[in-house]
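The values are calculated or read from the model by the stated rules, or taken from the named source; none is laboratory data. The structure displayed is predicted, hence computed values, not measured ones. Heads up, the Cβs are rebuilt from the backbone with ideal geometry, glycines too, and the neighbour counts pull from every protein chain shown.
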Amino acid sequence: MLQKIYDWIDERADITPIWRDIADHEVPEHVNPAHHFSAFVYCFGGLTFFVVVIQILSGMFLTMYYVPDIENAWRSVYYLQTEVAHGQIVRGMHHWGASVVIVMLLLHTLRVFFQGAYKKPRELNWIVGVLLFFSILGLGFTGYLLPWDNKAYFATEVGLNIAEDVPIIGEDIKTLLAGDEEIVGAQTLARFFAIHVFFLPAVLFALLGVHFILIRRQGISGPL
Amino acid sequence: MHKGKGMKFVGDSRISAEQKPNIPKDYSEYPGRTEAFWPNFLLKEWLAGSVFLVGFLTLTLAHPAPLEGMADPTNSGYIPLPDWYFLFLYELLKYNFASGPYILFGIIIIPGLAFGGLLLAPFLDKGPGRRPHQRPVSVGMMLLALTSVIWLTYQSASGVNWEQRAEANKPVPPSEQADIDKDSEGYKVFENNCMSCHGEDLQGGAAAPPLTGIDRSKKEIKDIAKNGIGSMPPDQFSGSDKELDKLAEFIVSVNEDQ
Amino acid sequence: MSKDKQPVSRRQFLNYTLTGAGGFMAAGLLISPLRMAIDPVLQKEESQGDFTNVQLAEEDLTNEPQRVDWEVEQIDGWYESKVSKTAWVYKDDNGEIVALSPICKHLGCVVSWEGSDDYPNQFYCPCHDGRYYKDGENVPGTPPTAGLDIYEHKVENGMLYLGKAQLREEL
């Protein structure tokens, strides 16, 4: 039955070559932990992606309860965490995922660095990877404010004051992020929400796409 | 596969009428012990992923995500702390060479060099050798940067009393928040004597615990206001006995309403 | 039209036009959203604030900084609220009133007078051990880059009125 559905689609859309591109390739011995246990270091990239998927899923569901408004943001988070069945788990996944993704990302970056895997011809993918690193740090910074608790508020205040110290454009950067010259308030929360939920994920998806396409094109770097 | 003339298409589409069977290649003949990605290797990856997920879910179950009290911009006793992965930057700004007149070092030059170097690593480290000992400079710099980041994070984190922080900043449920009558005489006495430490909503601060959710009698409260308790020094209250009465009544009433 | 070699080939011309049309569409789509996003940066608000009676009589001021709290209306976009403000107020040796903002010039934490037992007669910031002398000037060698902001003040009918906090160099 499944085969019939597949053939029916394949006849009309010719999906076999696409499938071949994505899934049908060899995995060399030196990255396979079944042959060399030390090859587990190659898992960190995949695990980073796995946690990103967890973040996307849990984040999507969190917005069913969360409202980005300073009167209600904290209450909505408190409500979903204390009153909603499994709400604590979903928020926990998003909260701990944010930390775990940074750990995995760091390990993945270090693996690539110490193996010198960024050398020719993979320079471009390294740059895309570092940009991914930056966007995930940006997601961490903007997401930190959203629960609108004291920790969030004051950490953001500090972060914005650091931005303000940048010469010439510092004050404008701060105003652009906070939505007001002085107040970290309603407009800041709305902006951070937009950045966290729409702008940075869009950047993240685009960069992830390039990252994966380049990996498939170039293949994994050879053994040392 | 046909090329050019003689190609057959599905209907009037541009899809080739020639069906290619979707049979995975057999990689067993390749040099080295290679393996097909689908499904052999992916299965192993997903098994590892499952183990990871179990660990991850256990973490979320064992440690619920922390939530502090609702943001209060006027809470002057609050000591800000960024998330752990920004702690190293926060700590860096404590050093003399990265703050004060040298703040540009702290916020632009040092992070700029570090992250710029990371971004441009392939163009700074251009030699053909990939092994760490073949490129001592870049590996050395990375180790140095890594050590500094870990050291700064440790320095920053070790100076924080996490348990006390969590205790002092516990969230107050919304149902317990709105019951403070700020026009009452008792609140005025509170304002003059206790607010600087215990906060305008009795929520507490860095130096003092909240006065909500406590279970104490009027007499006990009067005694504490006069003689102190724990780290609270005596004689914090300065006023008449009548005011003391009103203060104690007010604090008891706030806690009764809950 | 002569039969000379054309300076721009047809294909080039089409490519330029395509770029132009694409640029027009991108600009048309993005001008308004971008202008909307940067609106707060271009909105300069008036720097003179109203003065508020902080419920403190001038004669109560001493040589020792004391903390005063008062409330002002704050408008944050669509959100209007009352926020409490704080100042450390004292009379200096010449009898002049000084009202200092408690916001640390390092990273915006809140300083307090003699906030640390180790540094008497100084303002102390608990975040990064920032310190300020009594006149609000930052102690050299500590993280703050400037002295504490100073509130505009006036005295009417013996009561103290405070306005906006201003940077030192603007005074």
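Tabulated data
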item	result
Checking A:Tyr153 against (1) within 19 Å of B:Ala65 (Cα to Cα); (2) at the interface with another protein chain (Cβ under 7 Å from one of its Cβ atoms); (3) surrounded by fewer than 22 Cβ atoms within 10 Å (Cβ to Cβ), the condition it does not meet	(3)
Count of segment A:160-179 residues which are more than 7 Å from every other protein chain (Cβ to nearest Cβ) and assigned to a helix (DSSP H, G or I)	9
Count of residues meeting criterion [of a type in the set (Val, Ile, Thr) and in contact with a strand residue (DSSP E or B) (Cβ under 6 Å, 6 or more places away or on another chain)] in segment B:71-124	1
Residue ID - surrounded by the most Cβ atoms within 10 Å (Cβ to Cβ), chosen from residues in segment A:110-132 that are assigned to a helix (DSSP H, G or I) and facing chain B (nearest Cβ under 8 Å)	A:Trp126
Qualifying residue in segment C:128-145 (condition: among the charged types (D, E, K, R), part of a strand (DSSP E or B), under 18 Å from A:Glu157 (Cα atoms) and free of Cβ contacts under 8 Å to residues at least 24 places away in the same chain)	no
Qualifying residue in segment B:36-43 (condition: more than 7 Å from chain A (Cβ to nearest Cβ) and not hydrophobic (A, V, I, L, M, F, W, C))	yes
Meets criteria (surrounded by fewer than 19 Cβ atoms within 10 Å (Cβ to Cβ), within 29 Å of B:Asn169 (Cβ to Cβ) and more than 8 Å from chain B (Cβ to nearest Cβ)) for A:Glu182	yes
Long-range neighbours under 9 Å by Cβ, at least six apart or interchain, first residue closer than 12 Å to B:Phe52 by Cα and in contact (Cβ under 8 Å) with a residue 12 or more places away in the chain within segment A:33-57, second among the hydroxyl-bearing types (Ser, Thr, Tyr) and part of a helix (DSSP H, G or I)	A:Phe44/A:Thr109
Selected residue (only one of B:Ala48, B:Ala65 is at pLDDT 85 or above, within 7 Å of chain A (Cβ to nearest Cβ) and outside any helix (DSSP H, G or I))	B:Ala65
C:Leu160 being more than 12 Å from chain B (Cβ to nearest Cβ) and within 19 Å of the chain's Cα centre (by Cα)	no
Filter result for C:Pro102 (surrounded by fewer than 20 Cβ atoms within 10 Å (Cβ to Cβ) and of a type outside the set (Phe, Trp, Tyr))	no
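Conditions (1) on the phi > 0 side of the Ramachandran plot; (2) among the hydrophobic types (A, V, I, L, M, F, W, C), marked per residue:
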| site | (1), (2) |
| --- | --- |
| C:Val110 | no, yes |
| C:Asp118 | no, no |
| C:Asp129 | yes, no |
| C:Tyr133 | no, no |
| C:Thr145 | no, no |
| C:Lys164 | no, no |
